[in-house]
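Taking it in order: structure first as structure tokens, then the write-up.
The values are calculated or read from the model by the stated rules, or taken from the named source; none is laboratory data. Everything quoted here is computed from the prediction, not taken from an experiment. Cβ placement follows ideal geometry from the backbone for every residue including glycine, while neighbour counts extend to all protein chains displayed.
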Amino acid sequence: MFHPGIYGGRVEHLKGKTAVVTGAASGLGFSFAKRFAEAGMNVVLSDIEAPPLEQARASVAEIASGHGTETVAHVSDVADEQAVADLASESIARFGQVNVLCNNAGVAGSGLTEGPGTINAKEWKWVLDVNLWGVIHGHQAFLPHLLEHGDGHIVNTASMAGHLPGHNAYSASKWAVVAITEGLFNQLKTTGSTVGVSCLCPGWVDTKIADSSRNRPEWAAPDALNEPSPESEARYDFIRDLLASGKNPDDVAELVHDAITNDKFWIFTDMSMVATLSGRFESVLENKNPEWGNPLLGGGD
Ligand SMILES: NC(=O)c1ccc[n+]([C@@H]2O[C@H](COP(=O)([O-])OP(=O)(O)OC[C@H]3O[C@@H](n4cnc5c(N)ncnc54)[C@H](O)[C@@H]3O)[C@@H](O)[C@H]2O)c1
């Protein structure tokens, strides 16, 4: 629906406005930050990793300098409610208004790589804290501000893993992100809000997500149940190859930009993966047992 705020499908509508991106030091978040700077926005880059965050900010600042806009680096842990509240209040204090929020920070944990019963409770908690609570904290901290001025858009980074069953913390977190993002879309539309929301569900993208244990907190260190084994290392290598053959994150940033300016809800990066969902929907509709296999990993149909 067109309205006189951000939407209209023209980059000019983002010009001079402000974006906040979490997980902006690397991968997808870094590409979003660059794309927003190219669109003439102020950009607040936030991440838990301070040195790469400052490097990312410096590269984005080079783009922003051509547009007379500003970039800010803000170190924060999205799993920490107060830290995300501070990110919101400091961004608003600095720029007056935040218009685009990308709840993007995420970790894979043992992700798609472990067998049944091999994920300990700390792993579940760490991954859900970052991938799900990070998004919830973003909503809690920024939504009142966005609703008040009405010229805003939230992009939540879920995953194709949020559409495919998986007995692991990553899948659980991403299903929940898909559900609350679609639920928020529904609430915004039924209340007539001019704030938009999009759900990004990437397939494989060439980033450092397979190495997200670099950000694993001490308290969630692996124990005997999920400590790295030659088998799990081999599975990680397989995932790294899939990621390396995946999309360039800059191309995904283009899709995100287009979704914001055109008020598009779903952002898919790989329609062949989306097509695999029909088998699952059919088995649900026909009340049949699930097909065996995980299409994300090349199995199943
Ligand atoms: N790469 C893919 O194939 C793929 C596919 C589907 C979904 N995703 C999702 O994309 C998002 C971005 O990941 P990416 O692929 O760019 O990986 P990445 O590891 O390159 O980037 C993730 C960023 O999040 C940051 N981060 C981790 N924990 C954090 C925390 N607690 N607080 C703040 N920042 C934190 C990391 O430091 C890193 O800079 C994630 O939500 C991920 O689940 C990625």
ask   = Taking LEU277 and the conditions (1) aliphatic (A, V, I, L, M); (2) surrounded by 16 or more Cβ atoms within 10 Å (Cβ to Cβ); (3) in contact (Cβ under 8 Å) with a residue 40 or more places away in the chain, which numbered condition does it fall short on, given that it satisfies the others?
value = (2)
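Take the residues in the stretch 60-71 that are among the small types (Gly, Ala, Ser) and crowded, with 16+ Cβ neighbours inside 10 Å; name whichever of them is farthest from the ligand (Cβ to nearest atom).
Let us first name the residues in the stretch 60-71 that are among the small types (Gly, Ala, Ser), namely 61, 64-66, 68.
If we keep only those that are crowded, with 16+ Cβ neighbours inside 10 Å as well, we get 61, 64.
Values: ALA61: 17, ALA64: 19 Å.
Here the residue is ALA64.
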request  = Output the residue which, of all residues in the stretch 72-92 that are near the ligand (Cβ under 9 Å from one of its atoms) and within 15 Å of ARG57 (Cα to Cα), is surrounded by the fewest Cβ atoms within 10 Å (Cβ to Cβ).
outcome  = VAL75
remark   = Restricted to the stretch 196-224 and to residues being modelled with pLDDT under 95 and of a type in the set (Gly, Ala, Ser), the residue nearest to ASP241 (Cα to Cα) is ALA210
Test set (1) within 9 Å of the ligand (Cβ to nearest atom); (2) farther than 14 Å from ALA141 by Cβ; (3) over 15 Å from the mean Cα position of the chain (by Cα) - VAL107 fails condition number = (3)
task = Could you please find all residues in the stretch 118-142 being touching a residue at least 12 places away in the same chain (Cβ under 8 Å) and over 17 Å from the mean Cα position of the chain (by Cα)?
result = THR118, ILE119, ASN120, LYS122, GLU123, TRP124, LYS125
task = Being more than 13 Å from the ligand (Cβ to nearest atom) and assigned to a strand (DSSP E or B) is the filter; apply it to the stretch 19-43 and report the residue that is farthest from LEU87 (Cα to Cα).
result = ASN42
query = surrounded by 14 or more Cβ atoms within 10 Å (Cβ to Cβ), among the polar types (S, T, N, Q) and within 11 Å of the ligand (Cβ to nearest atom) - does that describe any residue in the stretch 231-249?
reply = no
task = May I ask you to say which residue of PRO222, PRO228 is assigned to a loop (DSSP other than H, G, I, E, B) and surrounded by 15 or more Cβ atoms within 10 Å (Cβ to Cβ)?
result = PRO222
inquiry  = When you check VAL284 against the structure, is it touching a residue at least 60 places away in the same chain (Cβ under 8 Å) and hydrophobic (A, V, I, L, M, F, W, C), yes or no?
reply    = no
task = Determine which single condition LEU184 fails, assuming it passes every other condition in (1) more than 10 Å from the ligand (Cβ to nearest atom); (2) part of a helix (DSSP H, G or I); (3) exposed (fewer than 14 other Cβ atoms within 10 Å of the Cβ).
result = (3)
Matching option when the condition is at pLDDT 95 or above, within 25 Å of GLU227 (Cα to Cα) and part of a helix (DSSP H, G or I), among VAL107, VAL177, VAL130 = VAL130
query = Mind checking which pairs have a first residue in the stretch 163-185 that is over 14 Å from VAL135 (Cβ atoms) and touching a residue at least 60 places away in the same chain (Cβ under 8 Å) and a second that is surrounded by fewer than 21 Cβ atoms within 10 Å (Cβ to Cβ) and of a type in the set (Lys, Arg), Cβ under 9 Å, 6 or more apart or different chains?
reply = HIS163/ARG280; LEU164/ARG280; PRO165/ARG280; ALA169/LYS125
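Would you mind finding the one in GLY203, GLY196, GLY166 that is among the small types (Gly, Ala, Ser), more than 16 Å from the ligand (Cβ to nearest atom) and either more than 22 Å from PRO249 (Cα to Cα) or surrounded by fewer than 24 Cβ atoms within 10 Å (Cβ to Cβ) (or both)?
On the way: GLY203 fails: more than 16 Å from the ligand (Cβ to nearest atom); GLY166 fails: more than 16 Å from the ligand (Cβ to nearest atom).
Exactly one residue qualifies, and that residue is GLY196.
Looking at the stretch 120-132, is at least one residue more than 13 Å from the ligand (Cβ to nearest atom) and farther than 30 Å from VAL284 by Cβ?
Within the stretch 120-132, the first condition is being more than 13 Å from the ligand (Cβ to nearest atom), and the residues that meet it are 120-124.
Checking the rest, the ones that are also farther than 30 Å from VAL284 by Cβ come to 120, 122.
Within the stretch 120-132 (the criterion being more than 13 Å from the ligand (Cβ to nearest atom) and farther than 30 Å from VAL284 by Cβ), the answer is yes, since at least one residue qualifies.
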query = For the stretch 44-59, which residues satisfy the criterion of being of a type in the set (A, V, I, L, M, F, W, C), closer than 12 Å to VAL21 by Cα and more than 10 Å from the ligand (Cβ to nearest atom)?
reply = VAL44
